[in-house]
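Student: One structure, as structure tokens, below. Some questions next.
Bear in mind that the values in this text are calculations on the coordinates, not laboratory data. Keep in mind it's a predicted model, so treat the numbers as computed, not measured.
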Amino acid sequence: MLLRAATLEALFADAVFGMYAVMRDEETTSNTSPVTRTIAVDDSADTTALLVDFLNEVLHRAHVARERFTHVAFTRFEERSLTAELTGIAPASFEEDVKAVTYHEADVRRDGDDWTTMLVFDL
């Protein structure tokens, strides 16, 4: 999946929503509850690793608690660390199982006025 956004924060948020698009979340039932989670990632090797590490933390929440986040707000965003407040619903249901977000082809970089990256998911 190729992503492009005007800011790094937008690129990271779009990556979350793109991952859920790959997972093809199924229509939810009335038994869903609103959920808010804080995810912190520290000491990643670089910005690309930070993105992959962050997405794998979000994916972990999708697997463990069946949570689907619809809003991402960063309270701290640095080159190798971040803290994000995510809101969404649980339980969610997904048609496709994404096992992991890989480093293969991932390369967060500035491209003109935008930020871009390629993401490959292990299905």
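Student: Could you state the principal axis extents of the C-alpha atoms in the chain, from the largest down, to the nearest angstrom?
Tutor: Cα extents, longest axis first: 44, 28, 24 Å.
Student: Summing -39500 (n - 2.57) over the DSSP H runs of n ≥ 4 in the chain and dividing by its residue number, what mean residue ellipticity at 222 nm do you reach, to the nearest 500 deg cm²/dmol? Walk me through the numbers on the way to the answer.
Tutor: Values: 2 runs with 35 residues, N = 123.
Value at 222 nm, helices only, nearest 500: -9500 deg cm²/dmol.
Student: A further question on this structure: Relative contact order for the range 16-123: what is it in percent, counting Cα pairs under 8 Å that are at least 6 residues apart? Intermediate results must be reported in sequence, preceding the final value.
Tutor: Working: 194 pairs, mean separation 33.3, N = 108.
Relative contact order comes out at 31 percent.
Student: Output the 0 to 90 degree angle, nearest 10, between the alpha-carbon long axis of helix 47-65 and the longest principal axis computed from the alpha carbons of the chain.
Tutor: Helix 47-65 sits at roughly 10 degrees to that axis.
Student: Cα convex hull of the range 29-95: how many Å³ per residue? Mind dumping the intermediate values first?
Tutor: Values: hull volume 5.3 nm³, N = 67.
Here the figure is 79 Å³ per residue.
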